Amino acid sequence: MPVSASLEAGAGAVCDGAQRTFSRPNAAPKSVEQKEVTRMVRSAYEHLKKWKARNARRPLILRGPLRVGKTWLMREFGKKEYASSVYVNFVNNEQMFSLFSGTPSVERIVMGLELYAGHKIDPAVTLLIFDEIQFVPQALACLKLFSKDASQYHILCGSSGLDVALREGAAFPAEWVEVFDLHPMSFFEFLFAIGKDEYVTLLREHRYDLTPNYRQDYIRFLKYYFFVGGMPEAVKAFAADRDFSAAREAQHRILAIYEQGFSKYAPSETLPRIRMLWNSIPQQLNRENRKFVFGLLKEGARAREFEPALAWLTGNGLVRDIHRAAVPESPLEASEDARAFKLFLPDVGLLSCLMGLRQSMLLDDNAVFLAYHGALTEQYVLQQLDSLNQMVICYWVAPRGTAEVEFLVDNCMDAIPVEVTAEQNLQSKKLKVFRERFQPKQSIRTSLANYRREPGLLNLPLWAVETL
C-alpha cells in the first residue's frame, strides 16, 4: 500500500455541525473530486480587510519570502473586495522605473498607472497592487506622497527583499507606511486547505474536553504538515490528491528558485558565503545544540566575514534567525546576544525537504517528531509562533549550557518561556531550571501530550500552539 494511502486510511473525525458531536467517516480516502473543493484560507486576509476599513489608512507592504503567497493574496483581495484593481510587477519594469523617477506627483503617477492598466482608477473602488516594489526604490519613497497627500488611494505592496533594499540605501518612509509579515501557511491554514475545518474549530474554541478523543487524528495531520509544510504551492499539490510526492516536487522547485536567486540578485563578492551558509543549515540544526557555529562552514571561519551573507539571507526572508537572550525579561531586544543565534528556514516542509525526510518515516509511530534531534519539531513551533505576528522571539541557555529553553516570547509585558519536547514525557528538567531561577508568571510546555493546566504552567499540545 502506498504511504499516502496508508496514512489516509481510517482518517479522522468530522463535525456534525452546531451540535458539536463527531462521527467517524468511512475509512476510505476522500475522492479526488471531494478534495478539490478545499480552499486556501489565509488569516492575513482578515488583516487586509481591517486595513481597508480604516479611515487613517496608509499604504501596506506585505513582506515575506518568495513563493509564500503574497501575490495570490493581494490579487485575491483585489478581486473579492474591490470593483477593480491594477496589478503591477516591478521586477525589471522599465516603465515603472521611468514613471517614479524625477520629481513625481500623485497626479502624474496615477495617470501613468491608468495608461499602463488601460482603464480609469477610482480611488474609492480600485486597489493598486505594487508587487516586488523594492525593485524600483523610488516607488518606495513615493509611498509617502500617497500616505500624506492622497490617502484615498488604496495601495497594497508586496516585497520579498525589503530589508535588503533598505540596507542598500533605499529611502523608506517608515512612518508613512504599514508593514505586515506574511509567513507560510500555518498548521490551522493547512487543515483548512485539506478540508479539516472542524479540527481547527475545536482548538479555537478551546474544547479541550473533546480534543483528547481525536489526538491520533491531530498527530496524523501534524505528520502531514511536517512533510508538506506551509508553502502554498506544496500545500495545493498535496491537497489535490493527498500526494506527498507532488508536494515534495513543489518544494524542490521552490528551493531551486531560492538558489537561482542567489546568483541572480546577490552581490557577486558575497555569493560564495551565501551558498556556504545556506548549505550548512541542515547540518547546523541536526545537532543537540543548535547554536550556529561558523567553524562548521570552514576551518577558521569568523562571524565577521559571513555577516553580509547572513544579512542578505535574513533580509530576503530565506532564513530565520533567533538570538539568545542574556536576560530573559521584557523587552527581549534589550538583551539579545548578537553573537549567539540559531538559523531556521521559513518553513518546516522546506526544512524536511532539505534534510531528506522520507515518506516512510511518517508511518513509523512518532519518529518524525524526534528526527534530526527534534529539529523539525522546533522549526514547526517557531513557525507557528511567527504566524501569530509581531512578537519578539529569542531563546535562553543557562550558564555552561546546563539547561536550555527553546523559545522566549515577548508579549510586551513578560518574557514567556516555551519549552519544546518531541515526546509525551513531561518530566523534562529544562523548564524546571528556568522556572526555579526566574519564577515567570506563566510558562508553556508544548509536546505530544494532551492539554493540561497547572499553576503557572500550561501544557499545550503541539497541534494547538497557534491558539496562544
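Which is modelled with pLDDT of 95 or more and within 12 Å of residue 88 (Cβ to Cβ), of 146, 135?
Result of the check over 146, 135: 135.
Among the residues of segment 394-418, which ones are among the aliphatic types (A, V, I, L, M) and either in a strand (DSSP E or B) or under 13 Å from residue 331 (Cα atoms) (or both)?
Within segment 394-418, 397, 405, 408, 409, 413, 415, 416, 418 qualify.
Scanning segment 54-98 for residues that are free of Cβ contacts under 8 Å to residues at least 40 places away in the same chain and touching a Phe, Trp or Tyr at 6+ places or on another chain (Cβ under 8 Å), which turns out nearest to residue 159 (Cα to Cα)? Quick ask: steps written out before the conclusion?
Applying the first criterion (free of Cβ contacts under 8 Å to residues at least 40 places away in the same chain) to segment 54-98 yields 54-55, 76, 79-80, 94-95, 98.
Then keep just the ones that are touching a Phe, Trp or Tyr at 6+ places or on another chain (Cβ under 8 Å); that gives 76, 95.
On the way: 76: 17, 95: 19 Å.
My answer is 76.
Among the residues of segment 383-396, are any at pLDDT 95 or above, within 18 Å of residue 464 (Cα to Cα), among the charged types (D, E, K, R) and surrounded by fewer than 22 Cβ atoms within 10 Å (Cβ to Cβ)?
Yes, segment 383-396 contains at least one residue that is at pLDDT 95 or above, within 18 Å of residue 464 (Cα to Cα), among the charged types (D, E, K, R) and surrounded by fewer than 22 Cβ atoms within 10 Å (Cβ to Cβ).
Could you please find all residues in segment 59-91 being outside any strand (DSSP E or B) and either surrounded by fewer than 20 Cβ atoms within 10 Å (Cβ to Cβ) or of a type in the set (S, T, N, Q) (or both)? Please lay out each step first, then the result.
Here is the first cut: in segment 59-91, the residues outside any strand (DSSP E or B) are 59, 64-83, 90-91.
Within segment 59-91, 66, 71, 72, 75, 76, 79, 80, 81, 82, 83, 91 qualify.
Might you let me know whether segment 313-321 holds any residue that is among the hydroxyl-bearing types (Ser, Thr, Tyr), over 24 Å from residue 249 (Cβ atoms) and touching a Lys or Arg at 6+ places or on another chain (Cβ under 9 Å)? I'd like the intermediate steps shown before the answer.
Filtering segment 313-321 for residues among the hydroxyl-bearing types (Ser, Thr, Tyr) gives 314.
Add one more test, that the residue is over 24 Å from residue 249 (Cβ atoms), and what stays is 314.
Subsequent filtering for residues that are touching a Lys or Arg at 6+ places or on another chain (Cβ under 9 Å) retains 314.
So far as segment 313-321 goes, yes, one or more of its residues are among the hydroxyl-bearing types (Ser, Thr, Tyr), over 24 Å from residue 249 (Cβ atoms) and touching a Lys or Arg at 6+ places or on another chain (Cβ under 9 Å).
Somewhere in segment 425-441, is a residue out of contact with any Cys (no Cβ under 8 Å at 6 or more places or on another chain), over 30 Å from residue 224 (Cα atoms), among the aliphatic types (A, V, I, L, M) and without any contact (Cβ under 8 Å) to a residue 40 or more places away in the chain?
yes
Which one is farthest from the chain's Cα centre (by Cα) among residues in segment 442-467 that are in a loop (DSSP other than H, G, I, E, B) and either without any contact (Cβ under 8 Å) to a residue 12 or more places away in the chain or on the phi > 0 side of the Ramachandran plot (or both)? So that I can check it myself, show each step before the final result.
Of all residues in segment 442-467, those in a loop (DSSP other than H, G, I, E, B) come to 442, 448-451, 455-456.
Those still in the list that are either without any contact (Cβ under 8 Å) to a residue 12 or more places away in the chain or on the phi > 0 side of the Ramachandran plot (or both) too: 455-456.
Working: 455: 31, 456: 29 Å.
Going through the qualifying residues, I end up with 455.
The values are calculated or read from the model by the stated rules, or taken from the named source; none is laboratory data. Predicted model only: the values in this text are computed from it and were never measured. Heads up, the Cβs are rebuilt from the backbone with ideal geometry, glycines too, and the neighbour counts pull from every protein chain shown.
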